[in-house]
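Have a look at the structure below, then the notes.
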Amino acid sequence: MTIKNYRTIFNKELESLFDEQEIESFFFIIVEKLHQMKRIDLALNPEAVLDGLHLKQWKSIVADLKRQKPIQYILGETEFFGLKFEVNENTLIPRPETEELVQWIIDDEKKREYKTGCKILDIGTGSGCIAVSLAKNIPRTEVFAIDVSEQALTTAIKNASINAVNVHFINANVLALDDLNNFHADTGHPTFFDVIVSNPPYVRNLEKAEIKPNVLEYEPHLALFVEDTDALLFYRKIAQLALKNLSPKGKLYFEINQYLGNETVQLLESLGFKNIELRKDIYGNDRMVSAHYS
């Protein structure tokens, strides 16, 4: 059977669950992964044949898609900020909105000149997508990244290696930290960061009804959800740590809950942060915020 002919079967199997555009996207992602063929390659070679092994792989992938398992977890990888990342059920799947946050940081850092380099901390790094992308795109940068999950850090370490960058990964629960000085405990000097960034858990339990099954059933709840009674728990804690560990011209960045933009800004104001900027994402939702302290 040719890949072109199998596409009809593929579409038929999934048409009750996904729209046409999403099915098409799945199809070409799988073609590239299994056959190392891009869309243009398939167009130039429409009679490319599926052998028995590949057909078995396609059927397995279709079965997973029918269970609404994310395609990124099925294939074990995704692309973020033009880079390849391994992903699995221990890490969130990086999203386009987070790419916007990374671009914002990169754009800001291009405006500042560091004679000795820039020091960055990513809190709750997950797959390492933010830390690795910043290390790859900002020259003379020393990047640190922490996460409470040892399994997530194992994946993040692989992703740093895949993308040939050096990131200092630390296993820590940010809620249990009193300060960030232990990162350079061997020097005996306080640790100051020019950038502290975090995409912490921010989805309230009351919002679970809005979450699609492919997210709710497969992505790690530890990295997604917070209690309704204290939805800004992580933002408050991280901002308090930033008060102690941001450099004089340092900047704090957050990805945020779209429904809590004003509340997040008010929290930062109450702690003494200045020049607070709230930005919308490509979908028009309040999604990220930055702030200075001094």
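At pLDDT 95 or above and assigned to a loop (DSSP other than H, G, I, E, B) - does that describe any residue in the range 237-254?
no
From 172, 176, 242, which residue is of a type outside the set (Lys, Arg), surrounded by 13 or more Cβ atoms within 10 Å (Cβ to Cβ) and within 27 Å of residue 87 (Cα to Cα)?
Values: 176 fails: surrounded by 13 or more Cβ atoms within 10 Å (Cβ to Cβ); 242 fails: within 27 Å of residue 87 (Cα to Cα).
Answer to the selection: 172.
Taking into account only those residues within the range 38-74 that are outside any helix (DSSP H, G or I) and free of Cβ contacts under 8 Å to residues at least 24 places away in the same chain, which is farthest from residue 6 (Cα to Cα)?
67
Given the residues 205, 214, which is the only one that is in contact with a Pro (Cβ under 6 Å, 6 or more places away or on another chain) and at pLDDT below 95?
214
I need the full set of residues from the range 38-67 which are within 30 Å of residue 160 (Cβ to Cβ) and surrounded by 14 or more Cβ atoms within 10 Å (Cβ to Cβ), in order please.
57, 61, 64, 65
Return the residues of the range 1-16 that are of a type in the set (A, V, I, L, M, F, W, C) and either touching a His at 6+ places or on another chain (Cβ under 8 Å) or modelled with pLDDT of 95 or more (or both); say none if nothing qualifies.
Answer for the range 1-16, where residues must be of a type in the set (A, V, I, L, M, F, W, C) and either touching a His at 6+ places or on another chain (Cβ under 8 Å) or modelled with pLDDT of 95 or more (or both): 3, 9, 10, 14.
Taking residue 29, is it among the β-branched types (Val, Ile, Thr), free of Cβ contacts under 8 Å to residues at least 60 places away in the same chain, within 30 Å of residue 133 (Cβ to Cβ) and surrounded by fewer than 16 Cβ atoms within 10 Å (Cβ to Cβ)?
no
Return yes when residue 217 is over 24 Å from residue 294 (Cα atoms), touching a residue at least 24 places away in the same chain (Cβ under 8 Å), open to solvent by 80 Å² or more (accessible area, probe 1.4 Å) and out of contact with any Asp or Glu (no Cβ under 7 Å at 6 or more places or on another chain) and no when it is not.
Taking the combined requirement at face value, the residue satisfies it.
Does residue 293 satisfy the criteria of being touching a residue at least 40 places away in the same chain (Cβ under 8 Å), open to solvent by 40 Å² or more (accessible area, probe 1.4 Å) and not polar (S, T, N, Q)?
yes
Any idea which residue in the range 12-26 is surrounded by the most Cβ atoms within 10 Å (Cβ to Cβ), counting only those that are assigned to a helix (DSSP H, G or I) and under 29 Å from the mean Cα position of the chain (by Cα)?
26
State yes or no: is residue 120 part of a helix (DSSP H, G or I) and β-branched (Val, Ile, Thr)?
The answer is no for residue 120.
Look at residue 70 and say whether it is at pLDDT 95 or above and either surrounded by fewer than 20 Cβ atoms within 10 Å (Cβ to Cβ) or more than 17 Å from residue 14 (Cα to Cα) (or both). Let's see the steps before the verdict.
Working: at pLDDT 95 or above: yes; either surrounded by fewer than 20 Cβ atoms within 10 Å (Cβ to Cβ) or more than 17 Å from residue 14 (Cα to Cα) (or both): yes.
Against the criterion (at pLDDT 95 or above and either surrounded by fewer than 20 Cβ atoms within 10 Å (Cβ to Cβ) or more than 17 Å from residue 14 (Cα to Cα) (or both)), residue 70 qualifies.
Taking into account only those residues within the range 124-144 that are outside any loop (DSSP other than H, G, I, E, B) and within 13 Å of the chain's Cα centre (by Cα), which is surrounded by the fewest Cβ atoms within 10 Å (Cβ to Cβ)?
134
The values are calculated or read from the model by the stated rules, or taken from the named source; none is laboratory data. As the structure is a computational prediction, the values presented were derived from the model and not from experiment. Cβ coordinates were reconstructed from backbone atoms using ideal geometry, including for glycine residues, and neighbour counts include every protein chain displayed. Note: accessible area is taken over every heavy atom of the protein model, side chains too, but ligands, DNA and RNA are not part of it. Shrake-Rupley method; radii C 1.70, N 1.55, O 1.52, S 1.80 Å.
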